[in-house]
1. Within the group ALA353, ALA335, ALA326, which residue is outside the structural domain of VAL247 (by TED's automatic domain parsing), closer than 24 Å to LYS213 by Cβ and not polar (S, T, N, Q)?
2. Given the conditions (1) surrounded by fewer than 16 Cβ atoms within 10 Å (Cβ to Cβ); (2) within 30 Å of VAL358 (Cβ to Cβ), which single one is not true for PHE193?
3. Applying the selection to segment 98-109, what residues are part of a loop (DSSP other than H, G, I, E, B), more than 23 Å from THR202 (Cα to Cα) and of a type outside the set (Lys, Arg)?
4. Has segment 249-266 got any residue that is of a type in the set (Gly, Ala, Ser) and outside the structural domain of TYR92 (by TED's automatic domain parsing)?
5. For GLU180, state whether it is out of contact with any Pro (no Cβ under 7 Å at 6 or more places or on another chain), under 19 Å from ILE288 (Cα atoms) and crowded, with 23+ Cβ neighbours inside 10 Å.
6. I'd like to verify a number: residues in segment 235-266 that are touching a helix residue (DSSP H, G or I) at 6+ places or on another chain (Cβ under 7 Å) and assigned to a helix (DSSP H, G or I), how many?
7. Take the residues in segment 116-144 that are assigned to a loop (DSSP other than H, G, I, E, B), hydrophobic (A, V, I, L, M, F, W, C) and in contact with a strand residue (DSSP E or B) (Cβ under 6 Å, 6 or more places away or on another chain); name whichever of them is nearest to ASP280 (Cα to Cα).
8. Starting from segment 120-144, take each residue that is assigned by TED's automatic domain parsing to the domain that holds MET177 and more than 26 Å from THR182 (Cβ to Cβ) and list its partners that are crowded, with 17+ Cβ neighbours inside 10 Å and of a type in the set (Ser, Thr, Tyr), counting only C-beta distances under 9 angstrom and pairs at least six apart or across chains.
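The values are calculated or read from the model by the stated rules, or taken from the named source; none is laboratory data. What you see is a predicted model; the values in this text were computed from it and never measured. Ideal geometry is used to build each Cβ from the backbone, glycine not excepted, and the neighbour counts take in all protein chains shown.
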Amino acid sequence: MSAFLKHVRTWAMPAKPRCSPVFVVVLWLVLAAIGRAATAADAANGELRIAELGRCTLTSGQVIEDCRVGYRTFGMLNAARDNAVLMPTWLYGRSDELAQYFGDGKTPQQMVDTGRFFGIAIDSLGNGISSSPSNSRTQHGTAFPGYNLRDIVEAEYRVVTEVLGLRHLHAVVGLSMGGEQTFVWAMAHPEFFDLAVPILGTPRLTAYDLQVKRIMVETIVDDPDYKNGAYTEEPQLALANLFGNLVVTTPEYRNQATPRWKLDEFYRQAEARAPIGANDRLWQLRAIMTQDVIGERTIANAAQSAKARFLVIVAAEDHLVNPRPALDWAAAIGAPIYISHGSCAHLIMSCDAEAVSVRVRAFLTGKSQ
């Protein structure tokens with residue numbers, strides 16, 4: 001999924017208090033506790049928050065200066081502080097687009113029950129909300145360092161542990177690039193969470209996946225308006241947008257959704273400028289092309305080294321992320337799977353949302369095997 005289609009409290013004390021010092025201290029502690037509770041409540045209403053992380057050191061040794069990560073929270077932490085469900089953004093996605101997946105289950109999309117779980121929607125590096133080529137003051141544009149999915153996950157881990165103060169997550173649930181991050185989380189922090197739900201993700205890109213991503217990259221860098229990343233006005237990237245629209249569905253879906261006589265209107269919509277910077281897009285694409293949590297091992301050995309229990313969800317006709325590696329991963333550990341056969345393929349939540357959400361909600365609450 002992508003954005004082709006659709007982040008002082010002031011204390012006034014009297015000059016001459018008539019209260020005893022002990023009373024003042026107690027009053028201050030009570031007010032401070034109320035203030036903390038209010039802050040937690042504010043953070044749980046889905047508003048965008050920005051975590052200031054200082055410097056983020058990348059696996060390459062390079063550093064993102066003034067590293068910032070956006071996030072939104074939904075619901076409340078329980079007393080044990082172990083009911084958090086993290087959801088990273090997909091390719092080009094933003095945390096506000098994830099809000100629809102948190103709630104009380106009254107809509108088909110709501111897969112995380114906020115009456116029971118503390119939801120965290122988090123903006124991946126490079127999406128224009130978190131630190132990105134487009135918004136960095138000191139490393140703007142092509143000066144922004146390249147990063148990979150492990151770097152994205154480590155920044156998210158710092159938000160969860162350093163900013164939100166959590167020592168454990170109940171689950172990580174991700175769609176598309178969020179699904180890839182779910183696999184990375186399972187390898188990078190295997191003891192930190194209990195359940196993993198990669199949806200349309202892969203532990204390692206196939207040759208087909210890499211071919212598709214290369215075309216996505218080339219349609220950006222070869223666009224004359226891209227100007228090697230030194231553009232002063234955002235390029236439209238019409239061909240890149242049209243190709244991106246092509247690979248997220250199936251021929252059947254396009255033929256049904258767009259009669260020939262509506263093609264011109266479709267082209268205008270599909271080729272329109274995306275709400276994310278060209279360099280941001282390119283940096284995220286290059287990051288996703290590094291996805292490989294298997295390395296020199298077999299996929300079975302890699303899967304068996306994970307501690308989290310998995311629910312794997314794929315689309316049978318996915319033209320953007322080949323489902324085979326995720327299915328092989330699930331088979332190696334006996335994890336439950338769901339294969340969607342909807343023609344919308346990678347846009348699974350557009351035509352098969354209820355089937356996906358029902359399974360995710362059941363898995364998160366321990367009601368599925």
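1. Within the list ALA353, ALA335, ALA326, the selection yields ALA326.
2. (1)
3. ASP104, GLY105, THR107, PRO108 - these are the residues of segment 98-109 that are part of a loop (DSSP other than H, G, I, E, B), more than 23 Å from THR202 (Cα to Cα) and of a type outside the set (Lys, Arg).
4. Yes, segment 249-266 has at least one match.
5. When the stated conditions are applied, GLU180 passes them.
6. Final tally of qualifying residues: 8.
7. ILE129
8. As it stands, the answer is GLN139/SER131; HIS140/SER134; GLY141/SER134; ALA143/SER136, since those pairs meet every condition given.
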